[in-house]
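Working notes, structure below.
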Amino acid sequence: MDHEGIRRPAGRAGASTAARHMRELDRAEALRLLATVSLGRIVFTQHALPAVRPVNHVVDGEDIVIRIHGGGALASLAAPADAPGVVVAYEADVIDPDTHLGWSVVVTGYASPVTDADDADRYADLVHPWVAQAMTGALRIRPDLVTGFRLEAAPPRPTPPRPAPAAC
């Protein structure tokens with residue numbers, strides 16, 4: 001453990017951090033990156049408090065679709081009849097633990113149950129549960145706000161020219 005009480009992998013204590021910068025992603029790039037991974041975190045309200053669950057997903061067009069099981073916290077999400085759904089956030093990322101390079105995407109939008117039987121069957125074929133529970137439905141998140149960033153290595157600084165040797 002280091003002086004802050006944090007356990008670090010061998011050989012990393014005191015290692016210098018390479019220069020990096022954050023680049024904002026546009027909506028299309030953020031959704032494209034989100035589609036390259038299958039695991040994310042959904043943030044929703046449960047008993048008037050924020051709750052977070054890791055879930056697997058598929059991106060269908062711009063929609064993020066997750067599977068749910070009856071009796072679970074996500075199955076209880078219900079919107080008023082006149083609302084487009086329940087406001088949720090969805091986050092996924094790929095950040096290398098050693099280089100700290102990668103990306104993160106956050107989608108904020110409305111989640112509603114998938115009610116079309118053909119769509120539900122298609123999503124059952126595309127999104128397989130990671131837990132040993134029968135999935136009973138699916139939620140579709142329609143993005144309203146899509147944000148993201150990429151952590152990239154900073155370009156190297158140009159080396160200043162060396163002065164010419166003095167003439168004798």
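The values are calculated or read from the model by the stated rules, or taken from the named source; none is laboratory data. The shown structure was predicted, so the numbers you read here are calculated from the model rather than taken from an experiment. Using ideal geometry, Cβ is built from the backbone for each residue, glycine included, and neighbour counts are taken over all protein chains shown. Side chains are part of the model used for accessible areas, which takes the heavy atoms of the whole protein and leaves out ligands, DNA and RNA. Shrake-Rupley method; radii C 1.70, N 1.55, O 1.52, S 1.80 Å.
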Cα centroid of segment 56-70 to Cα centroid of segment 74-138, whole Å: 4 Å
Which residue, Gly102, Gly148, Gly40, tops the fluctuation ranking in a GNM of the chain built on C-alpha contacts under 10 Å? Gly102
Could you work out which residue, out of Arg157, Arg23, Arg67, moves most in a Gaussian network model of the chain, that is, has the largest mean-square fluctuation with Cα springs under 10 Å? Arg157
Return the distance in nm (one decimal) between the two label points of a simple spin-label model at Ala154 and His21, each offset 7 Å from Cα along Cα→Cβ. 0.9 nm
Return the long-range amide H neighbours of Leu25 (sequence gap of 5 or more, or a different chain), with a cut-off of under 5 Å between placed amide H atoms. Gly148, Phe149, Arg150
Residue among Ala153, Ala48, Ala138 with the largest mean-square fluctuation in a Gaussian network model of the chain, springs linking Cα atoms under 10 Å: Ala48
Sorted largest first, the Cα spans of segment 57-163 on the principal axes come out in Å as 74, 34, 24
Given contacts defined as C-alpha pairs under 8 Å and at least six residues apart, what's the relative contact order of the chain, whole-number percent? 29 percent
Can you list which of the chymotrypsin sites (Phe, Trp or Tyr not before Pro) found in segment 55-140 are DSSP loop residues with at most 12 other C-beta atoms within 10 Å? Trp130
Where only protein heavy atoms count, and the probe is 1.4 Å, what is the accessible area per residue for the chain in Å²? 65 Å²
